[in-house]
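The values are calculated or read from the model by the stated rules, or taken from the named source; none is laboratory data. Keep in mind that what you see is a predicted model, and the values were worked out from it rather than measured. Cβ placement follows ideal geometry from the backbone for every residue including glycine, while neighbour counts extend to all protein chains displayed.
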Amino acid sequence: MKNEARVDKWLWAARIFKTRTIAAAACKKGQVSMGGAQLKPSRTIREGDIIDVRKPPVTYSFRVLQAIEKRIGAKLIPEVLENVTAPEQYELLEMARISGFVGRAKGTGRPTKKDRRSLDSFTGEVPEFFGDFDFDEDGDEDPDNTEDTDE
């Protein structure tokens, strides 16, 4: 095996991205870095390098164990990379999964009525006007509605 590979091919071969095109696009968007520096798709990587891949809300970190450029079976992935992602990142992922609304995608517009109701029930907040509303504030009205009417 070669001891170096293109980062976009490695990301695809190691099954971090579904296609090589998506891997290259992630590199161009600045979502792939090494040592704090963004990587271009053609950058070569070697064994022992640590690659950071940002897939919001989490930044995954992988140690390169083998620099491969051909896609392999999923069972062989532990021989190619080691996941060294910090536990805090997985906590962020869990929090985002639980809340659902924290990382609302940019450009999706206003929440729908259903989204708003779900958000209100999740947060447990009751609208302000329900808390202070009193139907019989003056005490003038008959609670049984037995007041005589003019016939």
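The figures follow:
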read-out: In the range 46-68, the residues that are assigned to a strand (DSSP E or B) and in contact with a Leu (Cβ under 8 Å, 6 or more places away or on another chain); value: I51, V53, V58, F62, R63, V64
read-out: Top-ranked residue in the range 1-25 [being more than 12 Å from V64 (Cα to Cα), over 22 Å from the mean Cα position of the chain (by Cα) and assigned to a loop (DSSP other than H, G, I, E, B); ranked as modelled with the lowest pLDDT]; value: M1
read-out: Residue satisfying all of: in the range 26-45; part of a helix (DSSP H, G or I) and free of Cβ contacts under 8 Å to residues at least 24 places away in the same chain; farthest from E91 (Cα to Cα) among these; value: K28
